[in-house]
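Have a look at the structure below, then the notes.
Computed from the coordinates by the stated procedures, all read-outs in this text should not be read as laboratory data. What you are looking at is a predicted structure, and each value in this text was computed from that prediction instead of being measured. Neighbour counts run over all protein chains shown; Cβ positions are idealised from the backbone, glycine included.
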Amino acid sequence: MSTMNQFRQGQQQTWEHLAEGWRHITERAGGALTCFHQERQAVEGPGMLVERYAPRWGLVAAELREETDTLVVKLEVPGMNPEQIGVDVVDDFLVVRGEKRVQREDARGRYHLLECAYGNFERAIPLPMAVEASRARARYHHGVLTVILPKRDRTDAEAVRRIKVNAE
């Protein structure tokens, strides 16, 4: 086999592996891929540079577990305070909104790797059944938001309900 044919074969295998990996990611965690919207401002300092060059897409990973009487949703949203997180039940979705702000402790040095996303985000998680949003609870501890949603008979479902996030 010629060198050019070996190169083409290797290139084809590389693209096939990339496509397979992308399919796997989108099947398993596609919902976690979340857009972080940033208001672009004039660069005025080191923190502003981070906001300017930070990725606009990040992962807000979640898990949803059904228990006997409740649905338990956990989301990874590190680096935030409970006041920066909004949680709503809208129809058959749990909607989590927030703003992750840059927290730079030292103005010295420069970044060589910047993978954390900053800005406003929203993640809507489809609920497999109706919930009683008026009895829902949410807590934020060590970067994990846990929302406990009591199950409800679908005939009594509420349209929209805000859930208060408590710190632990």
Give the long-range amide H neighbours of Arg152: residues separated by 5 or more places, or on another chain, with amide H under 5 Å away, using H modelled in the peptide plane at 1.01 Å from N.
-> Ala130, Val131, Glu132
Expected vector for region 76-93, Karplus 3J(HN,Hα) from phi with 6.51, -1.76, 1.60 and θ = phi - 60°, integer Hz, x for Gly and Pro, equals 8, 9, x, x, 10, 10, x, 5, 8, 10, x, 10, 9, 9, 10, 6, 9, 10
For Val144, Val77, order by how many other beta-carbon atoms lie within 10 Å, fewest first = Val144, Val77
Collect residues whose amide H, placed 1.01 Å from N in the peptide plane, falls under 5 Å from the amide H of Phe93; neighbours closer than 5 in sequence don't count.
-> Leu127
Region 69-94 scanned against label point 7 Å out from Cys116 along Cα→C-beta; backbone N under 13 Å for 77-81
Name the shape class, rounded, prolate or oblate, that the alpha-carbon gyration tensor gives for region 73-154, where a ≥ b ≥ c are the square roots of its eigenvalues, rounded holds for a/c under 1.5, and otherwise prolate holds if a/b is larger than b/c and oblate otherwise.
-> prolate
